[in-house]
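Input: a single structure, listed below in structure tokens.
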Amino acid sequence: FCDALSRSSVAYDLVLDLGLTAERLRRYELVFLPTCACLSDATVALLREYVSAGGRIVGSFDTSLYAADGTRRDEFALADVLGVSWLGSETAYHTWNYFAPVAAHSLYDGLDIPYWPAPAVGLDVAARAGATVLARYHAPMAGRYDPLTPLDKPAVVLNTFGRGTSLYLAGTFAEMCREFN
């Protein structure tokens with residue numbers, strides 16, 4: 001995401017979860033959590049507090065699915081904030097797979113693209129009550145020239161938590177940005 005932000009002339013800071021404080025988080029309008037799998041309970045609590053107080057986060061793939069020591073949790077530690085529950089699996093997509101918008105949102109302003117390329121891997125999730133699915137993956141296609149498959153699992157989920165919001169990208173979107181610019 002750093003490369004995408006830089007190419008778009010958006011100023012940003014890199015902030016590590018090590019030594020993170022509520023004061024530091026309050027300086028930011030938006031915090032990206034690109035595949036931030038391993039988060040400590042203390043960092044999870046700080047992020048939950050930040051969003052509840054009006055902050056905004058964008059999380060992707062397995063953000064908060066592992067403890068700080070690398071142990072996989074049964075559920076996202078930020079499930080309530082992200083608005084999703086993990087179904088215990090992931091789906092591999094090929095360069096001929098897609099996801100598509102399913103709900104109108106200002107996020108799509110100026111982007112009149114009906115099918116978007118899917119990232120290499122999508123985490124299989126279900127939206128929690130109150131969360132809005134903005135885009136869904138098409139079920140994996142067997143090959144490049146096969147007919148388009150029906151819409152399937154959530155790809156992009158918007159959630160309100162307290163006074164803040166989160167946008168969850170259920171896949172390796174940051175890695176896709178890095179690979180394809």
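The values are calculated or read from the model by the stated rules, or taken from the named source; none is laboratory data. These numbers come from a predicted model, not from an experiment. Ideal geometry is used to build each Cβ from the backbone, glycine not excepted, and the neighbour counts take in all protein chains shown. SASA here: full protein model, heavy atoms, side chains in, ligands and nucleic acids out. Shrake-Rupley method; radii C 1.70, N 1.55, O 1.52, S 1.80 Å.
Restricting attention to the range 92-107, does a residue exist that is among the small types (Gly, Ala, Ser) and modelled with pLDDT of 95 or more? Yes: one or more hits.
Here's the yes/no breakdown for (1) open to solvent by 70 Å² or more (accessible area, probe 1.4 Å); (2) under 15 Å from Thr95 (Cα atoms); (3) at pLDDT below 95; (4) in a helix (DSSP H, G or I):
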residue	(1), (2), (3), (4)
Ala129	yes, no, no, no
Arg144	yes, yes, yes, no
Val156	no, no, no, no
Met176	no, yes, yes, yes
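Once the range 158-174 is narrowed to residues that are part of a loop (DSSP other than H, G, I, E, B) and under 18 Å from His94 (Cβ atoms), the residue that is modelled with the highest pLDDT is Ala170. Residue check: is Ala103 of a type in the set (Gly, Ala, Ser) and in contact with a Leu (Cβ under 7 Å, 6 or more places away or on another chain)? Criteria met by Ala103. Only one of the numbered conditions (1) touching a His at 6+ places or on another chain (Cβ under 7 Å); (2) in a loop (DSSP other than H, G, I, E, B); (3) among the aromatic types (Phe, Trp, Tyr) is not met by Trp96, and that is (1). In the range 15-93, counting only strands (runs of 3 or more DSSP E) that sit wholly within it, the ones holding 2 or more residues that are out of contact with any Gly (no Cβ under 8 Å at 6 or more places or on another chain) and surrounded by fewer than 19 Cβ atoms within 10 Å (Cβ to Cβ) span 84-92.
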